[in-house]
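What follows is a set of notes on a single structure, which appears directly below.
Just so it is clear, none of the values below were taken in a lab; they were calculated from the coordinates. Computed from a prediction, not measured in an experiment: that's the story for all the values here. Positions of Cβ are backbone-derived with ideal geometry, glycine not excepted, and every protein chain shown enters the neighbour counts.
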Amino acid sequence: MGHTLTLEVPEKVYDLLRKSAAHVGQLPEVLAANLLAEATERLGDDPLEEFIGTLKSSIPDWADHHDQYIGKSVRDSMDDTKYNKSSDV
């Protein structure tokens, strides 16, 4: 069962939505509903959600930005590995 949701968005957001919808041959309302559905699916599929509130951290925005922190850590470790390999040669 669907639900009706009325949203008020800034003109800039609506213009971009209208142009994007026209580009793919959809109504802005249909595209907005699809984008909202995709966004809520991503929110529900967070693999770290079960750990929220279970870990102590000195980083106050860890819950909101954990993907960026993990990505930076992976990038830094890759940079360290690349540096270590080149210095062994």
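The candidate values are (i) 5.2; (ii) 11.3; (iii) 6.0; the one derived from this structure for mean projected area of the Cα convex hull in nm² carries the label (ii).
Count neighbours as other Cβ atoms within 10 Å of each site's Cβ, and list the trypsin sites (Lys or Arg not before Pro) in the range 1-84 that are DSSP loop with at most 11 such neighbours.
Details: sites: 12, 18, 19, 42, 56, 72, 75, 82; in loops: 56.
Passing sites in the range 1-84 are 56.
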